[in-house]
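For reference, the structure discussed in these notes is given below.
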Amino acid sequence: MKKILTNVKRILDNGSLQPCEIVMEDGKIKAIGMELEVPEAEKIDGKGNLVTPGFVDVHVHLREPGGETKETIATGTLAAARGGYTTVCAMPNTQPTPDSAEVLQSIQNRIEETAAIRVLPYASITKRLIGDQLTDMKELKQKGAFAYTDDGVGVQSADMMLQAMTQAAAIDMPIVAHCEENTLIHNGVMHEGEVSQQLGLPGIPSICESVQIARDVLLAEAAGCHYHVCHVSTKESVRVIRDAKKAGIRVTAEVTPHHLLMNETAITKNDANFKMNPPLRAIEDQEALIEGLLDGTIDFIATDHAPHTSEEKANGMEEAPFGIVGFETAFSLLHTHFVKKGIFTLKQLVDWMTVKPADTFGLPYGRMEIGTSADLTLLDLKTNENIDTSTFVSKGKNTPFDKWEVTGKPIMTIYQGQIAYEEGTK
Ligand SMILES: [Zn+2]
């Protein structure tokens, strides 16, 4: 069955917008052009909106198996589709952990049965994320592991990390790292700085993250491994990554929307919707992240979508778990606060949410070309509304952005030629 998406505009390489139509067949893009005559095709009217490649998010927590009260693969992928995403990479801090072929296969089965969009699951670096025994990376690659990570915790032993990188390099797979030196966490629940002192809350120092990135880039150099840094949050981390790239080390990095949008001064009271790991840092860190993204030190944006129940998040900064949701607010917030203000171009933002993450990991997605998967996102850039967590498709309503006024949003998401989300329908 052929479909034609009409009356849309796409962004050209020079940033200008060009009217176009897109023909899809068998889940793939067949043609892109104007006045394409395909009389037998089913027509989807794009109503003059912008069409981009479906968004790609390589850092998400879908919580299944084991955390289904927070989110499931079904609810998480529907929320992702509402946010314009067609490819997401699911973190392995589930119960059980995908640290064996059997567990990874069972997760693949659940994805096959219940996901609304493409889900590429990570496998862990170490068994049960404990850090003392490596997984069988080759076997996990054969079961479709996207990459290896112990996200949620840092790999503490330099020797363990070097072995992991050496093994990954041998099979041409990336190591993806949540960087956190356990001896420097100090039971912190937010950034160690002026605001943590004012609120009387224990702080996590910036070096807790940056010192491990500094170690890891040298290990990656020694191992010849593609090393990717999750959710960079400090100015020192940006500097280390910039220097490592200059030295020719194969390091890439991501930043979250919330670290770009906020800093520690946003935390005015003990509200766990501001509790995430890494924490919101100082204003100089926020500025360094924006600069790092603009100069290419940081490669792209990933949400770190991390749903928790309202009950868990009601427990205050010291008791509540780390993490906030991100799928359903990412584009609107970034468009409003960076594109509308002239800090990012629309093309830059779209690239950081599509082709840049895809290219970083060699994925054949995130671009709109003939023969690629018909994964498309329609964006209405003119809507004005306030974020309202009660409308979220995600089970998680834990966000510090509730009620924020935003301009522009995804209104339709097409995955493999089928509508996965359409505004106004459920
Ligand atoms: Zn993490």
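Any idea which residue in the stretch 243-282 is nearest to Ile301 (Cα to Cα), counting only those that are of a type in the set (S, T, N, Q) and in contact with a helix residue (DSSP H, G or I) (Cβ under 7 Å, 6 or more places away or on another chain)? So the residue we want is Thr252.
Taking (1) closer than 28 Å to Lys395 by Cα; (2) surrounded by 24 or more Cβ atoms within 10 Å (Cβ to Cβ) in turn, Ser237 satisfies each apart from (1). If we scan the stretch 323-332, do we find a residue that is away from the ligand (no atom under 16 Å from the Cβ), at pLDDT below 95 and outside any helix (DSSP H, G or I)? The answer is no; no qualifying residue exists. Can you say whether Ile298 is in a loop (DSSP other than H, G, I, E, B) and either away from the ligand (no atom under 16 Å from the Cβ) or within 24 Å of Ala74 (Cβ to Cβ) (or both), as far as the supplied structure shows? Considered against the rule, which asks whether it is in a loop (DSSP other than H, G, I, E, B) and either away from the ligand (no atom under 16 Å from the Cβ) or within 24 Å of Ala74 (Cβ to Cβ) (or both), Ile298 comes out as no.
Remark: pairs (first residue in the stretch 300-321, touching a residue at least 24 places away in the same chain (Cβ under 8 Å) and of a type in the set (Val, Ile, Thr); second residue surrounded by 14 or more Cβ atoms within 10 Å (Cβ to Cβ) and assigned to a helix (DSSP H, G or I); Cβ separation under 6 Å; 6+ apart in sequence or on different chains) = Ile301/Trp352; Ile301/Met353; Thr303/Ala330. Filtered by the rule that a residue be part of a loop (DSSP other than H, G, I, E, B), in contact (Cβ under 8 Å) with a residue 60 or more places away in the chain and either of a type in the set (A, V, I, L, M, F, W, C) or surrounded by fewer than 22 Cβ atoms within 10 Å (Cβ to Cβ) (or both), the stretch 356-380 gives Phe361, Leu363, Tyr365, Arg367, Met368, Glu369, Ile370, Gly371, Thr372, Ala374.
Considering the stretch 48-153, the qualifying strands (runs of 3 or more DSSP E), each wholly inside and each with 1 or more residues that are modelled with pLDDT of 95 or more, within 16 Å of the ligand (Cβ to nearest atom) and among the hydrophobic types (A, V, I, L, M, F, W, C), run over 55-60, 85-90.
If the condition is being under 25 Å from Phe322 (Cα atoms) and either over 22 Å from the mean Cα position of the chain (by Cα) or within 12 Å of the ligand (Cβ to nearest atom) (or both), then the stretch 229-248 contributes Val229, Cys230, His231, Val232, Ser233. In the stretch 127-156, what residues are free of Cβ contacts under 8 Å to residues at least 40 places away in the same chain, surrounded by 24 or more Cβ atoms within 10 Å (Cβ to Cβ) and more than 23 Å from Met276 (Cα to Cα)? Scanning the stretch 127-156 gives a single hit, Thr135. The numbered conditions (1) part of a loop (DSSP other than H, G, I, E, B); (2) at pLDDT 95 or above; (3) more than 16 Å from the ligand (Cβ to nearest atom) are all true for Thr265 except (1). Among the residues of the stretch 386-395, at least one is part of a loop (DSSP other than H, G, I, E, B), exposed (fewer than 15 other Cβ atoms within 10 Å of the Cβ) and either of a type in the set (Val, Ile, Thr) or on the phi < 0 side of the Ramachandran plot (or both). All of Glu254, Glu284, Glu291, Glu312 fail the test of being within 15 Å of the ligand (Cβ to nearest atom), outside any loop (DSSP other than H, G, I, E, B) and modelled with pLDDT of 95 or more, apart from Glu254. Which of the numbered conditions does Lys246 fail, given that it passes all the others? Conditions: (1) surrounded by fewer than 19 Cβ atoms within 10 Å (Cβ to Cβ); (2) in contact (Cβ under 8 Å) with a residue 12 or more places away in the chain; (3) more than 25 Å from Ser332 (Cβ to Cβ). Going through (1) surrounded by fewer than 19 Cβ atoms within 10 Å (Cβ to Cβ); (2) in contact (Cβ under 8 Å) with a residue 12 or more places away in the chain; (3) more than 25 Å from Ser332 (Cβ to Cβ) one by one, Lys246 breaks only (2). Against the numbered list (1) touching a residue at least 24 places away in the same chain (Cβ under 8 Å); (2) surrounded by fewer than 24 Cβ atoms within 10 Å (Cβ to Cβ), Gln212 comes up short only at (2). Residue pairs whose Cβ atoms lie under 8 Å apart, separated by 6 or more positions or on different chains, with the first residue in the stretch 260-284 and more than 20 Å from Thr336 (Cα to Cα) and the second within 16 Å of the ligand (Cβ to nearest atom) and among the acidic types (Asp, Glu), are Met276/Asp304; Asn277/Glu180; Pro278/Glu180; Pro278/Glu209.
Is it the case that the stretch 181-192 has a residue that's within 23 Å of Asn270 (Cα to Cα), buried (at least 17 other Cβ atoms within 10 Å of the Cβ) and more than 16 Å from the ligand (Cβ to nearest atom)? Yes: the stretch 181-192 contains one or more residues that are within 23 Å of Asn270 (Cα to Cα), buried (at least 17 other Cβ atoms within 10 Å of the Cβ) and more than 16 Å from the ligand (Cβ to nearest atom). Here Thr383 fulfils each of the conditions (1) outside any strand (DSSP E or B); (2) closer than 28 Å to Ala266 by Cα apart from (1).
The values are calculated or read from the model by the stated rules, or taken from the named source; none is laboratory data. If you're wondering where the values come from, they're calculated on a predicted model, not measured in any experiment. As a convention, Cβ positions derive from the backbone with ideal geometry for all residues, glycine included, and neighbour counts pool all protein chains shown.
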